[in-house]
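What follows is a set of notes on a single structure, which appears directly below.
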Amino acid sequence: MLLKDKNAVIYGGGGAIGGAIARVFAREGARVFIAGRTQAKLDAVARDIAATGATVETAQVDVLDQQAVDKHADAVAATAGGIDIAVNAVSVQHDQGTTLAELSLEEFMRPIDGFLRTLFITSKAVARHMGGEGPGVILTLSEPGAKLAVGGILGHAVSAAGKEAFSRVL
């Protein structure tokens, strides 16, 4: 059990990727806290985890609301005694297929602002609760778009490159 006695927070924990991460972390012994927008999706993941006998808690949280995320991270740390692992698996709707000539500034900026804003908010919220018994780990997810030369994914590609830069500097 690689994560025995570790406390893990997964933002976007009701989604396909976040849910899969939560299930694996729980299987490996972590106490899992999943947060996301849709309670029904969180509950489905929580049922799967609880069926294995692992510990899981859910919270409906808007990750674009910095105060809500801070409050959630504070509550997790108070309950668990700290945060060892955090993952932002939040998805942001983004344009696919529109060429630069047709792409609006709003569509270009949506994934950049959404992905990087949630990454900053969640990372900042959990960071102050890490490092008690040992260093904490903030895991970030990116996509191949950061390195692909493919038309129609400009904003998404820039957001992926931004997430990779954020991770390196973090």
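The values are calculated or read from the model by the stated rules, or taken from the named source; none is laboratory data. The structure displayed is predicted, hence computed values, not measured ones. Heads up, the Cβs are rebuilt from the backbone with ideal geometry, glycines too, and the neighbour counts pull from every protein chain shown. These area figures cover heavy atoms from the full protein model, side chains too; ligands, DNA and RNA do not enter into them. Shrake-Rupley method; radii C 1.70, N 1.55, O 1.52, S 1.80 Å.
Being open to solvent by 30 Å² or more (accessible area, probe 1.4 Å), among the hydrophobic types (A, V, I, L, M, F, W, C) and farther than 17 Å from S167 by Cβ holds for only one residue in L116, L64, and it is L64. Pairs linking a residue in region 83-94 that is touching a residue at least 12 places away in the same chain (Cβ under 8 Å) to a residue that is basic (K, R), with Cβ atoms under 8 Å and 6 or more positions apart or on different chains, are D84/K6; I85/K6; V92/R110; Q93/R110; H94/R110. Tell me, yes or no, whether region 110-120 has at least one residue that is farther than 18 Å from G12 by Cβ, more than 16 Å from the chain's Cα centre (by Cα) and not in a strand (DSSP E or B). Checked region 110-120: no residue is farther than 18 Å from G12 by Cβ, more than 16 Å from the chain's Cα centre (by Cα) and not in a strand (DSSP E or B).
Look at (1) surrounded by fewer than 20 Cβ atoms within 10 Å (Cβ to Cβ); (2) at pLDDT 95 or above and you find that A54 fails only one, number (2).
So which of A101, A73, A78, A59 is aliphatic (A, V, I, L, M), open to solvent by less than 60 Å² (accessible area, probe 1.4 Å) and part of a helix (DSSP H, G or I)? So the residue among A101, A73, A78, A59 that is aliphatic (A, V, I, L, M), open to solvent by less than 60 Å² (accessible area, probe 1.4 Å) and part of a helix (DSSP H, G or I) is A73. Within region 48-75, the set of residues being among the aliphatic types (A, V, I, L, M), farther than 14 Å from G36 by Cβ and within 16 Å of the chain's Cα centre (by Cα) comprises A73 only. Per the conditions (1) among the basic types (K, R); (2) crowded, with 18+ Cβ neighbours inside 10 Å; (3) within 15 Å of the chain's Cα centre (by Cα), the sole criterion not satisfied by R37 is (2). Being open to solvent by 20 Å² or more (accessible area, probe 1.4 Å) and either at pLDDT 95 or above or touching a Ser or Thr at 6+ places or on another chain (Cβ under 9 Å) (or both) holds for only one residue in A20, A26, A30, and it is A20. Within region 85-98, the only residue that satisfies the criterion of being polar (S, T, N, Q), open to solvent by less than 50 Å² (accessible area, probe 1.4 Å) and over 18 Å from A149 (Cβ atoms) is N88.
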